[in-house]
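**Q** My questions will all concern the structure given below.
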């Protein structure tokens, strides 16, 4: 029996397998670039945890210049601080997360940055939707969440969490340091004693005024009588 047909069949099978693998790689290639997140302590309710994000570069013409991260429920922007980032990059809090960026990196260079989170929430997993912006304006959106059994084409980085350590509890929010406005003090209501004092003072004033008026009136009467007497005396003297 000739072995030629068998060898030909083997070659055809190998070629078909190679072509199939090449097709799979070609399809999977664009989706290979994505964002990953790792934690120094991936446990629910863990405190002072370092999260490290690796944003893979996929542009052949420009480098990554900015990353916008949407924080999951349970982590607020004020609970995040920048620990490490490319030289010159800065973190700016936003309404639902933060932005970290600066001078565009070299083309093909992955953007790696780390943040410190005060405390992780009590959850099984955390998704961090991420938007990459390149120096030439190109934008990649890694914001899709898994669902329905299908793998998303642009998945958001997801951090799986282990159960919380025994006795771990969620920290209560610190009270606001802003001083509470103090309402102006109302004028004290007049008391009964105050009213009595005021009434007595008024009576004393009236009595004093009456005395003064009486003295003045008496002085006027005395002066008038003296004047009449003086005129009468003068008249009598002149007639004598």
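**Q** For the stretch 50-68, give me the residue count where each residue is in a strand (DSSP E or B) and either surrounded by fewer than 19 Cβ atoms within 10 Å (Cβ to Cβ) or under 19 Å from the mean Cα position of the chain (by Cα) (or both). Reasoning before the result, please.
**A** From the stretch 50-68, those in a strand (DSSP E or B) are 50-55, 64-68; that's our starting set.
Pick out the ones that are also either surrounded by fewer than 19 Cβ atoms within 10 Å (Cβ to Cβ) or under 19 Å from the mean Cα position of the chain (by Cα) (or both) and you get 50, 52, 54, 66, 68.
Number of matching residues: 5.
**Q** Moving on to the next point. Tell me which residues, restricted to the stretch 69-118, are touching a helix residue (DSSP H, G or I) at 6+ places or on another chain (Cβ under 7 Å), in contact (Cβ under 8 Å) with a residue 24 or more places away in the chain and part of a strand (DSSP E or B). Please lay out each step first, then the result.
**A** Of the stretch 69-118, the ones touching a helix residue (DSSP H, G or I) at 6+ places or on another chain (Cβ under 7 Å) are 71, 93-94, 97-98, 117-118.
From the residues that got through so far, the ones that are in contact (Cβ under 8 Å) with a residue 24 or more places away in the chain too are 71, 94, 97-98, 117-118.
Matches in the stretch 69-118: 97, 98, 117, 118.
**Q** Out of the stretch 119-145, which residues are part of a loop (DSSP other than H, G, I, E, B) and either more than 29 Å from the chain's Cα centre (by Cα) or modelled with pLDDT of 95 or more (or both)? If you could, list the steps in order and put the result at the bottom.
**A** Of all residues in the stretch 119-145, those part of a loop (DSSP other than H, G, I, E, B) come to 120-124, 128, 135-138, 143, 145.
Hits for the stretch 119-145 are 120, 121, 122, 123, 124, 128, 135, 136, 137, 138, 143.
**Q** Which of the residues that make up the stretch 153-170 are surrounded by 12 or more Cβ atoms within 10 Å (Cβ to Cβ) and either modelled with pLDDT under 90 or within 18 Å of residue 69 (Cα to Cα) (or both)?
**A** Those that are surrounded by 12 or more Cβ atoms within 10 Å (Cβ to Cβ) and either modelled with pLDDT under 90 or within 18 Å of residue 69 (Cα to Cα) (or both): 154, 155, 156, 157, 158, 159.
**Q** Further, regarding this structure: Read through the list (1) modelled with pLDDT under 95; (2) at positive phi, then give the number of the only condition that residue 58 fails.
**A** (2)
The values are calculated or read from the model by the stated rules, or taken from the named source; none is laboratory data. On a predicted model such as this, the values are computed, not experimentally measured, just so you know. With ideal geometry, Cβ positions are generated from the backbone for all residues, glycine too; neighbour counts draw on all protein chains shown.
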